[in-house]
Structure formats: structure tokens, C-alpha cells
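First the structure, in the form of C-alpha cells, and then the observations on it.
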Amino acid sequence: MSGAGFSFTIDGVAVAAEPGQTIMEAADAAGLYIPRLCDHEGLRHQGGCRVCTVKAGGRSVSACTQPAAPDLVVENETPHLNKLRRDLVEMLFHEGNHLCPICEASGNCELQAMAYRLDMTAPTRFPYLQPSRTLDATHPDIALDTNRCISCGRCIRASQDVDRKGVFGYVGRGIHRRVAVNGDNLALTDASIEDEAIAAGTCPVGCIIRKRHGFATPIGERLFDKGPIGHEIEDKRRG
């Protein structure tokens, strides 16, 4: 990046930034974690899930898309913002079919881990919609279970921008929006187990399943058994 660096604050902590950095990028570099679900390293920012909402200069903005600015005052960890995030995550659970105890993504699922981080432990007030969604297991290496999709768009951006294929895309609107493929089924697309869109970690939940990989990691060694979501960023400050 070119140009002179500057600083701003997040919850009263001074953060160094470079021109062109978003609030989230600068926060990550400083070891300050801002919750997110649709944002993923290496993919263009989308600002769709709104879990990364912060107050910047008194306005609510998505930290993954809002540029950092000199002397900007950002609020991240506040009761109001965490309640907003918890409500959003609760609605994601209620809009889909998330059966964590039997899901092969359990322990590696960012939605599940975010619920724990936001202390989503009490019964919620939203109704479970229990939609009827399809499971496509036609591909020899990949299955697509849209019951678990949270419309983060990470597979879409990875397929379009990294793999240059465009295998995945949205169909439907509102709470009925889901991910679909550019063929009658997965087997009739050019999706490959080697694609970035299929890579472990691209899908934050258990929507894109790599066959013969499920339950390979024992309990105690799964990603979020080692620490809460975001701990790898926060460890930068502790270290």
C-alpha cells in the first residue's frame, strides 16, 4: 500500500492502518477480533451477513467493507452490538436446519462457534422455519446440503474470482434464497475437489461437504475445540 499510515481507535485502543485498509483488516493486523461470517481471507469483501457491524463515527457500518480513516472512533465490543450480532446469528439458525450434534462440521463450524462466542445459550424467541431443502450428493467427491446454507456467498466468490468457474450462485429471494449450481446437479458441473470453493474453511458451515472427510478429526482436536472463534487473531496481542 502507498501513502502515509495513520491511526484510529477501536474501543479506545489505538490501531495503526494504511490507506485502503478496511476497519476489519486493520483490526485483524492489530490483534482485535471483529466477529464475521461472510468475510473470508483471500475473498473480496461482501458485507452481507452484517455480523461485523460496528459503530464508526456514530454510524452503523460493516467493518469488512468500511475503509479505516484517520482519527476514526470505532465501537466494536458493546452490549448493543453484541445483542445485534446474537439476534442475527439466532435468525440464521432458525431460517435453516442446523442439527449440530449430528453434523460433520460440528467443532469446525463458524456459525456454531459464533453462537458460543456470543453466549447464545438460552432459548430464543424466533420460530424455527424448518424449510424443506435439497441435498445433492451426485458428485463423486462433493455433496451440497443447502439445509445448512447461511447465504454467506463465500463459495460463490471463491468459484467466480479464484477458480474462475462460477459453479455456485444464488436462487430465490429473502429467507428463501439459497445456493444452487450451474447445472442440473453437482455431477453435471465442472466442480472439483481441488477448487478453492470446495476447500476446507471456505464454507463456514456444513453446506459443502467433502466426501470421505467427515468426522476425520476427533473431538478435542477440531478447530474450535482449541479456542473460541477469533482466537488466532486475538493471540497476536497476547503474544
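The values are calculated or read from the model by the stated rules, or taken from the named source; none is laboratory data. All values reported here derive from a predicted model rather than from experimental measurement. Every residue, glycine among them, receives a Cβ derived from its backbone with ideal geometry; neighbour counts consider all protein chains shown. All accessible areas refer to the heavy atoms of the entire protein, side chains included, with ligands and DNA or RNA removed. Shrake-Rupley method; radii C 1.70, N 1.55, O 1.52, S 1.80 Å.
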Practice prompt. Being charged (D, E, K, R) and on the phi < 0 side of the Ramachandran plot is the filter; apply it to the range 88-137 and report the residue that is surrounded by the fewest Cβ atoms within 10 Å (Cβ to Cβ).
Written response: 125
Worksheet, complete the sentence: In the range 30-44, anything closer than 18 Å to residue 60 by Cα and within 11 Å of the chain's Cα centre (by Cα) is listed as 35, 36, 37, 38, 39
Worksheet, complete the sentence: The lone condition residue 113 fails out of (1) farther than 21 Å from residue 209 by Cα; (2) not in a loop (DSSP other than H, G, I, E, B) is (1)
Worksheet entry | Positions within the range 79-106 being in contact (Cβ under 8 Å) with a residue 60 or more places away in the chain and either of a type in the set (Ser, Thr, Tyr) or assigned to a helix (DSSP H, G or I) (or both), in sequence order | 95, 106
Worksheet item: Among the residues of the range 45-87 satisfying the criterion of being of a type in the set (Val, Ile, Thr) and under 18 Å from the mean Cα position of the chain (by Cα), which is surrounded by the fewest Cβ atoms within 10 Å (Cβ to Cβ)?
Response: 65
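Take the residues in the range 180-202 that are of a type outside the set (S, T, N, Q) and in contact with a helix residue (DSSP H, G or I) (Cβ under 6 Å, 6 or more places away or on another chain), then tell me which one is farthest from residue 93 (Cα to Cα).
Once the filter is applied, the top-ranked residue is 196.
So for the range 177-184 (the condition being of a type in the set (D, E, K, R) and at pLDDT below 95), does at least one residue qualify?
For the range 177-184, residues of a type in the set (D, E, K, R) and at pLDDT below 95: present.
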Discussion item. I'd like the residue in the range 9-44 that is assigned to a loop (DSSP other than H, G, I, E, B) and within 13 Å of residue 68 (Cβ to Cβ) and, out of all such residues, is least open to solvent (accessible area, probe 1.4 Å).
Written reply: 34
